[in-house]
Amino acid sequence: MTGPTGGAPPALDRELHHPTRLALAAYLSACGEAEFAVLRDYCQVSDSTLSKTLSALEKTGYVGIRKGHLGKRPRTWAALTLTGRRALARHLAALEEIAATARRAAGAGTGTEETPGG
C-alpha cells in the first residue's frame, strides 16, 4: 500500500497503536513517572489489563518499571523511556500525517482545501 503521493504510508508504531498503550504513553510523556493506580484510573482499565500493557511496553523498551514501598505498602511506578518518547513522537507524527492527508483529500473532493487548525 502506498500513500496518496506515491510514497510509503506513514509508519504507525504497532506497539503504540492500541488505544490503551497510546493513552498510557501519552500520559507518561507528560510526567517523570506515575504510580500504577494513577495509570489504571487514568486509562480506566483493570489491574490485570494495565499490568499486561505495562509488561508489553517494558518488553519493547518503551517503559521502565520501578518497584518499591511507600511505608509498608508495595508500589509500582512506570516511566516512559527515551526510546518510548521517540517512538511516541514518531507515532504521533504519523497520525498527524494521516489526518493531514485526509483533510487534503476531503478538500480536493469539495474544491476547497482546509488549512490545519481551521
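Below are the figures for this structure:
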read-out: Scaled radius of gyration (Cα, divided by 2.2 N^0.38 Å) that the chain gives; value: 1.34
read-out: Set of region 72-107 residues, backbone N closer than 12 Å to the point 7 Å along the Cα-Cβ line of ILE65; value: 76-79
read-out: Estimated FRET transfer efficiency when R0 is 30 angstrom, pair ALA79-ALA99 (beta carbons, to 0.05); value: 0.60
read-out: Helix 47-59 vs. the chain, principal-axis angle (Cα, 0 to 90°, nearest 10); value: 70 degrees
read-out: Gain in span if fully extended, GLU35 to LYS52, counting 0.36 nm per residue against the direct Cα distance; value: 4.6 nm
read-out: GNM top mover of ARG73, ARG90, ARG103 - the chain, alpha-carbon springs below 10 Å; value: ARG73
read-out: Helix axis angle, 82-110 relative to the chain longest principal axis, alpha carbon, degrees; value: 30 degrees
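Throughout, read-outs are computed from the coordinates displayed, never taken from laboratory work. Since this is a predicted model, take the numbers as computed values, not measurements. Because the Cβ atoms are built from the backbone with ideal geometry, glycine has one as well, and the counts that use them run over all protein chains shown.
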